[in-house]
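Asker: Pasting in a structure now, in structure tokens, and then I'll have a few things to ask.
The values are calculated or read from the model by the stated rules, or taken from the named source; none is laboratory data. Model, not experiment: these values are computed from the prediction. A quick note on method: Cβ atoms are made from the backbone with ideal geometry, for glycine too, and the neighbour counts reach across all protein chains shown.
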Amino acid sequence: MADKRKVFPVEKVLELVVGKDGANVNEIAGYILGETVDCGECARATGPFAAAWLTRWYPKFADLVYKEGESWPAFVKQASGLLGDHLSISPMDGTTREQARQTLNIIKDTEASLCRQTREVMDLEKRIKELEPMEAALAQAQKKNDELEAKIKQMKADALALQRKVAEFQGKMPIDHDELMDAIKTAIKDGMKGMVVAGSAAAATGGAEATPVDETVEEEAGFGFGSNVDSDGFGF
């Protein structure tokens, strides 16, 4: 494995192991992992596996613990005093490499999913902006729809009221005008006949001879309501 080893500055190795913010450790992460790493998050995720791997070759790595807020130059100086200014390292192998690669694959899949979801959200936001001008038109259409529903409701109420009025007249027979006129004429004639009979009886009681009334003449006369018996008018 001697031919596969590569020398890196100790500070660069520390940046990978610690996961220092803003540090570009893609190259050293790709080398120690044995594959190209072009994702900063993936490179930083390699750090713990790199630390475990380097501790096998440099046990003093276990004595280096970086605390948040600690001076970075002082930490690098401490590491240089223990390990030297440069380190010769070889790529991972075996279980350590497989575990590191599985972790990176999960991170890559997650990032790809996040990127896809981000694009979908951006597309959705774009569509929403395109639909915003239609909101006013939709509001107007809703207003007209509400007005139409109110009119339909009123029409239904009016129709129900009309049905109730029609029901009140159901079963009632219409009055025929001709039949009404004939009934009036008949009643008048019957009344006149009663008067003539009463007059004749009075005359007989007085000893005078009653003169019979010609009913035909009475019928033809129409009793002053018209010259024709079959006429609908009363002399008008």
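Asker: When you check S88 against the structure, is it farther than 18 Å from A45 by Cβ and in the same structural domain as D63 (by TED's automatic domain parsing), yes or no?
Answerer: Judged against the criteria, S88 is a match.
Asker: Also: For the subset of region 46-74 comprising residues that are among the small types (G, A, S) and part of a helix (DSSP H, G or I), which member is farthest from I106 (Cα to Cα)?
Answerer: A74
Asker: Restrict the check to region 79-92 and report whether at least one residue is farther than 30 Å from R5 by Cβ, surrounded by 10 or more Cβ atoms within 10 Å (Cβ to Cβ), of a type in the set (D, E) and modelled with pLDDT of 80 or more.
Answerer: no
Asker: Give region 6-45 a look and list any residue that's part of a loop (DSSP other than H, G, I, E, B), farther than 20 Å from W72 by Cβ, touching a residue at least 40 places away in the same chain (Cβ under 8 Å) and under 51 Å from the mean Cα position of the chain (by Cα), or say none. First the steps, then the outcome.
Answerer: At the first step, the residues of region 6-45 found to be part of a loop (DSSP other than H, G, I, E, B) are 19-25, 34-39.
Applying the additional criterion that residues be farther than 20 Å from W72 by Cβ yields 34-39.
Now restrict to residues that are touching a residue at least 40 places away in the same chain (Cβ under 8 Å): 34-35, 37, 39.
E35, V37, C39, listed by residue number.
Asker: G69 is checked against (1) of a type outside the set (D, E, K, R); (2) surrounded by 13 or more Cβ atoms within 10 Å (Cβ to Cβ); (3) at pLDDT below 85 and fails just one. What number does that condition carry?
Answerer: Condition (2) is where G69 drops out.
Asker: Taking the condition buried (at least 17 other Cβ atoms within 10 Å of the Cβ), among the β-branched types (V, I, T), touching a Gly at 6+ places or on another chain (Cβ under 6 Å) and within 26 Å of I107 (Cβ to Cβ), does V25 pass?
Answerer: In short, no.
Asker: In this structure, is K77 part of a helix (DSSP H, G or I) and either in contact (Cβ under 8 Å) with a residue 12 or more places away in the chain or not assigned by TED's automatic domain parsing to the domain that holds G19 (or both)?
Answerer: So K77 fails the test.
Asker: Then there's this: So S88 passes all but one of these: (1) part of a helix (DSSP H, G or I); (2) over 25 Å from the mean Cα position of the chain (by Cα). Which condition number does it fail?
Answerer: It is condition (1) that S88 fails.
Asker: When the residues of region 28-66 are narrowed to those that are under 23 Å from G94 (Cα atoms) and either of a type in the set (F, W, Y) or outside the structural domain of A100 (by TED's automatic domain parsing) (or both), which ends up surrounded by the most Cβ atoms within 10 Å (Cβ to Cβ)?
Answerer: Looking at the filtered set, the residue picked out is W53.
Asker: Can you list residue pairs whose Cβ atoms sit under 7 Å apart, with the first residue in region 93-116 being surrounded by 15 or more Cβ atoms within 10 Å (Cβ to Cβ) and the second being among the charged types (D, E, K, R) and in a helix (DSSP H, G or I)? Count only pairs 6 or more apart in sequence or on different chains.
Answerer: Hits for this filter: I107/E41.
Asker: Let me ask something else about it. So is A51 within 55 Å of the chain's Cα centre (by Cα) and of a type outside the set (D, E) or not?
Answerer: yes
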